[in-house]
1. Hey, among the residues in segment 119-153 that are in contact with a helix residue (DSSP H, G or I) (Cβ under 9 Å, 6 or more places away or on another chain) and of a type in the set (D, E, K, R), which one's farthest from Leu79 (Cα to Cα)?
2. Sort through Val36, Val91 and tell me the only one that's without any contact (Cβ under 8 Å) to a residue 24 or more places away in the chain and of a type in the set (Val, Ile, Thr).
3. Does Ile14 satisfy the condition of being among the β-branched types (Val, Ile, Thr) and surrounded by 14 or more Cβ atoms within 10 Å (Cβ to Cβ)?
4. Please go through segment 38-94 and give me each residue that is among the hydrophobic types (A, V, I, L, M, F, W, C), more than 25 Å from Ala2 (Cβ to Cβ) and part of a helix (DSSP H, G or I), ordered by number.
5. Out of Asp54, Asp82, which single residue is more than 21 Å from the chain's Cα centre (by Cα), charged (D, E, K, R) and either surrounded by 10 or more Cβ atoms within 10 Å (Cβ to Cβ) or modelled with pLDDT of 95 or more (or both)?
6. List every residue pair whose Cβ atoms lie under 9 Å apart, where the two residues are 6 or more positions apart in sequence or sit on different chains, the first residue falls within segment 121-136 and is closer than 11 Å to Ile152 by Cβ, and the second residue, located anywhere, is acidic (Asp, Glu).
7. Based on this model, can you work out whether Glu123 counts as acidic (Asp, Glu), modelled with pLDDT of 95 or more, outside any helix (DSSP H, G or I) and on the phi < 0 side of the Ramachandran plot?
8. More than 30 Å from Asp117 (Cα to Cα), free of Cβ contacts under 8 Å to residues at least 60 places away in the same chain and either among the aliphatic types (A, V, I, L, M) or touching a strand residue (DSSP E or B) at 6+ places or on another chain (Cβ under 6 Å) (or both): does that describe Thr4?
Amino acid sequence: MAQTADRILIGGRIWCGKEEGFVEALAISGEHVLAVGTSAEIENLRSADTDVIDLGGRLAIPALNDAHTHMAMIGLHLLDIDIRPGLVSSVTDICDKIAERAETVPAGTWVVARGYDDTKLTETRDPTRAELDAAAPDHPVFVARTCGHVGIANSKALELARMPHPIPATASLAGPTVS
């Protein structure tokens, strides 16, 4: 006897992945996808006990289990300059990418880069404010380390944040440091 589906999804668009694209029907057996295809193809897997879910024209996608990925932030960071290891190997590479982006956007537009790892850079250090100033003097610049817990801003960004420069000697900073 042919295997039958415990559940079938029909009547909508079903996303199967970047390579596979969309299908119009999906059959599930237990916890596994049994088959995908046209409604007619999947109908052959239906039995009297099959639970049929009509999507009513809606989209179905595979379940997402976000253990701690901050999905919305990942989407926003797709607009940032990608400076992960393998794409940059030095502070100079980071500054070159910032300068390239700055040339393509109007003065005053934020230039944000994310993903460097100072331990994997030739200089084994973070970029400095002065280096970021030189790379994009007419733009506020913010560069975030791969962990997201360290960030460097240029003078224009600090000016917009109303951070005095130099920091007064009598200033008491509880938390982040500015240098």
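The values are calculated or read from the model by the stated rules, or taken from the named source; none is laboratory data. The structure displayed is predicted, hence computed values, not measured ones. Neighbour counts are summed over all protein chains in view; Cβ atoms, including those assigned to glycine, are modelled from backbone coordinates with ideal geometry.
1. The selected residue is Glu123.
2. Numbers: Val91 fails: without any contact (Cβ under 8 Å) to a residue 24 or more places away in the chain.
Selected residue: Val36, the only one of Val36, Val91 that is without any contact (Cβ under 8 Å) to a residue 24 or more places away in the chain and of a type in the set (Val, Ile, Thr).
3. Values: among the β-branched types (Val, Ile, Thr): yes; surrounded by 14 or more Cβ atoms within 10 Å (Cβ to Cβ): yes.
Yes: the conditions hold for Ile14.
4. Of segment 38-94, the ones among the hydrophobic types (A, V, I, L, M, F, W, C) are 40, 42, 45, 48, 52-53, 55, 59-61, 63-64, 67, 71-74, 76, 78-79, 81, 83, 87-88, 91, 94.
From what is left, the residues that are more than 25 Å from Ala2 (Cβ to Cβ) are 59, 61, 63-64, 67, 71-74, 76, 78-79, 81, 83, 87-88, 91, 94.
Within segment 38-94, Met71, Ala72, Met73, Ile74, Leu76, Val91, Ile94 meet the criteria.
5. Working: Asp82 fails: more than 21 Å from the chain's Cα centre (by Cα).
Going through Asp54, Asp82 in turn, just one is more than 21 Å from the chain's Cα centre (by Cα), charged (D, E, K, R) and either surrounded by 10 or more Cβ atoms within 10 Å (Cβ to Cβ) or modelled with pLDDT of 95 or more (or both): Asp54.
6. Arg125/Asp118; Asp126/Asp118; Pro127/Asp118
7. On the way: acidic (Asp, Glu): yes; modelled with pLDDT of 95 or more: yes; outside any helix (DSSP H, G or I): yes; on the phi < 0 side of the Ramachandran plot: yes.
Yes: the conditions hold for Glu123.
8. Working: more than 30 Å from Asp117 (Cα to Cα): yes; free of Cβ contacts under 8 Å to residues at least 60 places away in the same chain: yes; either among the aliphatic types (A, V, I, L, M) or touching a strand residue (DSSP E or B) at 6+ places or on another chain (Cβ under 6 Å) (or both): no.
Criteria not met by Thr4.
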